[in-house]
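Taking it in order: structure first as structure tokens, then the write-up.
The values are calculated or read from the model by the stated rules, or taken from the named source; none is laboratory data. Everything quoted here is computed from the prediction, not taken from an experiment. Cβ atoms come from the backbone with ideal geometry, glycine included; neighbour counts cover every protein chain shown.
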Amino acid sequence: MQTTGNTILITGGGTGIGKALAHRFHDLGNTVIIAGRRMEVLQTAIGGRPNMHALTLDQDDPASIAAFAEKLVTEFPDFNVLINSAGIMRMEMGIDKARDLSDAETSVTSNLLGPIRLTNALIEHLSAQSNAVIVNVTSGLAFVPLVIAPTYSAIKAAIHSYTISLRAVLKGKVEVIELVPPAVQTDLTPGQKTNERFMPLDAFADQVMALFQHKPTPAEILVEGVDFMRNAEAEGHFDATLAAINPFLK
């Protein structure tokens, strides 16, 4: 992936990992469009930076996605990089009994169908661009689940698999990269931003951008602290890793 001279769309770019990536890519000389539900949050994230733009997007709504895609390619015809970063994380207790599945269903709509629908809406445009790239943000939990976030973990595993399929089908037309964060200090869940066991957001973004500079760009962007989850099954320590990140199972 070339790291400058792009026109990049980052969903969820108003907060957390998406915002950090937006600032880093903007600093490298890219035009960056951030998307999310709340324009005021997006504008705060932009903070007056030139060549950084905001578009509203409701990733739960197929009609919103279709209208957004049309507006994006009309206003930014040079758009060539899609970073699917938006997402929510809901904790789900009591999966050993019948329960209200509204959190699980909302997560599937937003975190799985959302990026699939958006990618689908933009794929023909991207396939016609030079240096086109799709980056899907998954999680270490795609490889070893957090059992109190079972749907979130399963969705990230599904996006990992979907990314592999995209990479195979789009070979030679669109570069497809998976970004696999560990637990990072963001506002994704209550208390996460101040959890000292989690990776500071700036340190995470610094490592990510250094890995994007590698030639060729790795198919999977793996920062420190996520390798043990990504490779747990292959290296024969899956059960130990599952127990380590789910200590309450003991």
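Test Gln2 against the stated conditions and say whether it is closer than 17 Å to Ala132 by Cα and in a loop (DSSP other than H, G, I, E, B).
Working: closer than 17 Å to Ala132 by Cα: yes; in a loop (DSSP other than H, G, I, E, B): yes.
It is true that Gln2 is closer than 17 Å to Ala132 by Cα and in a loop (DSSP other than H, G, I, E, B).
Yes/no matrix, rows are residues, columns are (1) under 20 Å from the mean Cα position of the chain (by Cα); (2) among the aromatic types (Phe, Trp, Tyr); (3) surrounded by fewer than 14 Cβ atoms within 10 Å (Cβ to Cβ):
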{"residue": "Ala54", "(1), (2), (3)": "yes, no, no"}
{"residue": "Asp58", "(1), (2), (3)": "yes, no, no"}
{"residue": "Pro62", "(1), (2), (3)": "yes, no, no"}
{"residue": "Asp78", "(1), (2), (3)": "no, no, yes"}
{"residue": "Ile83", "(1), (2), (3)": "yes, no, no"}
{"residue": "Gly94", "(1), (2), (3)": "no, no, yes"}
{"residue": "Val137", "(1), (2), (3)": "yes, no, no"}
{"residue": "Tyr152", "(1), (2), (3)": "yes, yes, no"}
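Within the stretch 208-233, work out how many residues are assigned to a helix (DSSP H, G or I) and of a type in the set (A, V, I, L, M).
Kept after step one, since they are assigned to a helix (DSSP H, G or I), are these residues of the stretch 208-233: 208-212, 227-230.
Retained after the next criterion (residues that are of a type in the set (A, V, I, L, M)): 208-211, 229.
Qualifying residue count, the stretch 208-233: 5.
Starting from residues that are touching a helix residue (DSSP H, G or I) at 6+ places or on another chain (Cβ under 8 Å) and either buried (at least 19 other Cβ atoms within 10 Å of the Cβ) or hydrophobic (A, V, I, L, M, F, W, C) (or both), keep the ones in the stretch 29-52 and report whichever is farthest from Thr4 (Cα to Cα). Outline the logic, then answer.
Start the filter on the stretch 29-52 by keeping residues that are touching a helix residue (DSSP H, G or I) at 6+ places or on another chain (Cβ under 8 Å), which leaves 32-36, 45, 49, 51-52.
Subset that is either buried (at least 19 other Cβ atoms within 10 Å of the Cβ) or hydrophobic (A, V, I, L, M, F, W, C) (or both): 32-36, 45, 52.
Working: Val32: 11, Ile33: 14, Ile34: 17, Ala35: 20, Gly36: 23, Ala45: 20, Met52: 14 Å.
So the residue we want is Gly36.
Looking at the stretch 207-227 only, could you name the residues that are in contact with a helix residue (DSSP H, G or I) (Cβ under 8 Å, 6 or more places away or on another chain) and modelled with pLDDT of 95 or more?
Selection gives Val208, Met209, Thr217, Pro218, Ala219, Glu220, Ile221, Leu222, Val223, Val226.
I'd like to verify a number: residues in the stretch 157-194 that are modelled with pLDDT under 95 and part of a helix (DSSP H, G or I), how many?
3
Residue pairs, Cβ under 6 Å, 6 or more apart or interchain, first in the stretch 18-46 and over 20 Å from Gln185 (Cβ atoms), second in a loop (DSSP other than H, G, I, E, B) and hydrophobic (A, V, I, L, M, F, W, C). List them.
Ala35/Leu57
Condition first: over 20 Å from Ile134 (Cα atoms) and among the β-branched types (Val, Ile, Thr). Can you find one or more residues in the stretch 18-31 that meet it?
Taking every residue of the stretch 18-31 in turn, none turns out to be over 20 Å from Ile134 (Cα atoms) and among the β-branched types (Val, Ile, Thr).
Considering only residues that are under 13 Å from the mean Cα position of the chain (by Cα) and more than 12 Å from Leu222 (Cβ to Cβ), which ones fall in the stretch 163-181? I'd like the intermediate steps shown before the answer.
If we filter the stretch 163-181 for residues that are under 13 Å from the mean Cα position of the chain (by Cα), which is where we start, we get 163, 176-181.
Passing the criteria: Thr163, Val176.
Does Thr217 fit the bill of being hydroxyl-bearing (Ser, Thr, Tyr) and without any contact (Cβ under 8 Å) to a residue 12 or more places away in the chain? Spell out how you get there, then give the answer.
Values: hydroxyl-bearing (Ser, Thr, Tyr): yes; without any contact (Cβ under 8 Å) to a residue 12 or more places away in the chain: no.
Taking the combined requirement at face value, the residue does not satisfy it.
Looking at this structure, is Ile148 surrounded by 14 or more Cβ atoms within 10 Å (Cβ to Cβ) and either touching a strand residue (DSSP E or B) at 6+ places or on another chain (Cβ under 9 Å) or not in a loop (DSSP other than H, G, I, E, B) (or both)?
Values: surrounded by 14 or more Cβ atoms within 10 Å (Cβ to Cβ): yes; either touching a strand residue (DSSP E or B) at 6+ places or on another chain (Cβ under 9 Å) or not in a loop (DSSP other than H, G, I, E, B) (or both): no.
Criteria not met by Ile148.
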